[in-house]
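Laboratory data are not the source of any read-out in this text; all were calculated from the coordinates shown. It should be emphasised that the depicted structure is a prediction, and the values quoted were computed from it without experimental measurement. Every residue, glycine as well, gets a Cβ built from its backbone with ideal geometry; the counts of neighbours run over all protein chains shown.
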Amino acid sequence: MIQTIRKSAGLMIVMFVLCGLLFPLTVTAIGQITFPHQANGSLIKQDGKVIGSELIGQQWHSPKYF
């Protein structure tokens with residue numbers, strides 16, 4: 001009984017590290033390397049300051065909105 005609990009707890013820890021840490025970090029790293037602009041939310045910058053995202057809202061072309 002105790003041996004089964006130890007094996008189950010060990011497997012739970014291994015799966016947590018694999019599925020909860022390694023996989024998300026790997027996918028994030030691949031996204032940042034291959035698509036950095038899109039992975040960061042397609043941010044719009046003006047004078048080095050983030051003013052919005054291309055993915056939210058409407059396309060405004062008039063300078064009075066910025």
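Among the residues that make up region 19-36, is at least one of them of a type outside the set (Val, Ile, Thr) and exposed (fewer than 10 other Cβ atoms within 10 Å of the Cβ)? There is at least one residue in region 19-36 that is of a type outside the set (Val, Ile, Thr) and exposed (fewer than 10 other Cβ atoms within 10 Å of the Cβ). Output the helices (runs of 4 or more DSSP H) that fall wholly within the chain and possess 1 or more residues being of a type in the set (Ser, Thr, Tyr), or say none. Because the criterion is at least 1 residues that are of a type in the set (Ser, Thr, Tyr), the helices (runs of 4 or more DSSP H) in the chain that meet it are 2-15, 23-34.
For region 45-66, give me each residue that is under 25 Å from residue 27 (Cβ atoms) and either surrounded by 10 or more Cβ atoms within 10 Å (Cβ to Cβ) or in contact with a Pro (Cβ under 6 Å, 6 or more places away or on another chain) (or both). Scanning region 45-66 gives 50, 53, 54, 55.
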